[in-house]
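The values are calculated or read from the model by the stated rules, or taken from the named source; none is laboratory data. Quantities reported herein were computed from a predicted structural model and do not represent experimental measurements. Glycine also receives a Cβ, built like all others from the backbone with ideal geometry; neighbour counts cover every protein chain displayed.
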């Protein structure tokens, strides 16, 4: 079992003892600057409640049902302790963290089952059906849209959480085909370590990489930080096996099939409402020997967007292109500022750039390439830099890229620390076609700023272009605001509602890679249409006629 729950924060992000590792001087400077920008002092929140202080209702699962589950999963594979039920009660969205820190949990799974193979998964589903329990598939638990909430229907006796993390084996590697087959409960670090031992990589690195699973990536249509080069999980997936209440759905290992609609595509993004993904074959490739990331500074966001669009449509094989707008660029500069540091070459370079015309409104692009040959990587970066310079970009060298790569999985830890000091942080993401992206960025940013002013009295709104395609790109929005001490959840809900309305009105998708969960369900018919949702409900009725699987999500 690769994810050890006892090493993780039960009411925050990530591993115990890990953080962004800001110095005391940097913490003090950051809080002072946020207070100045909010126009008010920050009010630290009460310390999070202790796990021992939570009073959980006892599990309602009958002893006979528990005995049947233990026969399927083993004695250690069936757990009803408060520790397990709390760890599997919520994901890691902002409202999830607010509830966990306050101990304000209104639902828990009745039992957590850890099946060890496909047969045990099928047995758990049959037992849950006979006991009237909903089944919530749970991998890393990193959902930020309510995708793993232990909900159950009115006729059900509660929820059983099916933890997939004992399904963590590499089953086979097919070097001729360039594929590898894993059980789907394996987490990102374990998967990459097993491939690295064979000189291979999947190349899928979402920000949740350290705390998410292969099955979770498929269930949410995940996209990694290097997807510009490697592709999303949808492009990496070859075949899968999914256990449903009515039996096993499987697809075959071929590069392409015209035998009707593609079942891989139906399972991708299904968020556990159809069944439990237990196995997947994915496309792998030789691990890169060379990886380089460079920075470009643009005078404004529009120039940076034009440069990224040109790079993408020219077919330059970048692994990533990440463009921050002016507000996010300014925040990143604030985060890296260290008052205790006497000499800061990057800050000095930016001061010179500001005097030369790259001042107010400036935006930073990080672009990278990787591969087996250093010469090819250098050529790719030269071609990208040439396009960037034609659009007014000023080369910044390797420093910004090194800093980003070093901290790319650490940033979520900052959210917990800011919550301690009364600052809320949330993210919303979408995708637009290139022709709508500029208007979409402006419309959503304006709506976000208005919502922050209305709901919190102040706040910071920013965005970056995180993943690009020939026909458009993902925009990833971040907001910071002073937390309301007594109605923080209502405050968040109002901001979330206003931003989502703006995204839909601007022609964007509800989600580029976070998924639907419970947070976006209310808007889904506006994007997909009622007939498409009816067809999806028909598929669910065929695979899950009793409505066992992950109630309240997606549909």
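Per-residue answers, yes or no, for (1) surrounded by fewer than 16 Cβ atoms within 10 Å (Cβ to Cβ); (2) touching a residue at least 60 places away in the same chain (Cβ under 8 Å):
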residue	(1), (2)
35	no, no
40	yes, yes
50	yes, no
58	yes, no
74	yes, no
94	no, yes
103	yes, no
- Message: Suppose the filter is farther than 21 Å from residue 371 by Cα and not in a strand (DSSP E or B); does residue 203 pass it?
- Response: no
- Name the one entry in 525, 493, 505 that is closer than 24 Å to residue 219 by Cα and either under 21 Å from the mean Cα position of the chain (by Cα) or surrounded by fewer than 19 Cβ atoms within 10 Å (Cβ to Cβ) (or both). 525
- Query: Scanning segment 245-261 for residues that are touching a helix residue (DSSP H, G or I) at 6+ places or on another chain (Cβ under 7 Å) and over 17 Å from residue 174 (Cα atoms), which turns out surrounded by the most Cβ atoms within 10 Å (Cβ to Cβ)?
  - Reply: 245
- Query: Could you count how many residues in segment 417-461 are over 21 Å from residue 520 (Cβ atoms), touching a helix residue (DSSP H, G or I) at 6+ places or on another chain (Cβ under 7 Å) and surrounded by fewer than 24 Cβ atoms within 10 Å (Cβ to Cβ)?
  - Reply: 8
- For segment 76-121, how many residues meet the condition of being within 30 Å of residue 485 (Cα to Cα) and assigned to a loop (DSSP other than H, G, I, E, B)? 13
- Output for segment 1-54, where each listed residue is more than 23 Å from residue 337 (Cβ to Cβ) and in a helix (DSSP H, G or I): 5, 6, 7, 51, 52, 53
- Message: Can you list residue pairs whose Cβ atoms sit under 8 Å apart, with the first residue in segment 239-264 being assigned by TED's automatic domain parsing to the domain that holds residue 216 and touching a residue at least 24 places away in the same chain (Cβ under 8 Å) and the second being part of a strand (DSSP E or B) and surrounded by fewer than 17 Cβ atoms within 10 Å (Cβ to Cβ)? Count only pairs 6 or more apart in sequence or on different chains.
- Response: 239/250; 240/250; 241/248; 241/250; 242/248; 242/250; 253/174
- Query: What do you reckon, is residue 399 assigned by TED's automatic domain parsing to the domain that holds residue 314 and surrounded by 23 or more Cβ atoms within 10 Å (Cβ to Cβ)?
  - Reply: no
- Task: Only strands (runs of 3 or more DSSP E) wholly contained in segment 122-174 count here; list those with 2 or more residues that are surrounded by fewer than 19 Cβ atoms within 10 Å (Cβ to Cβ).
- Result: 170-174
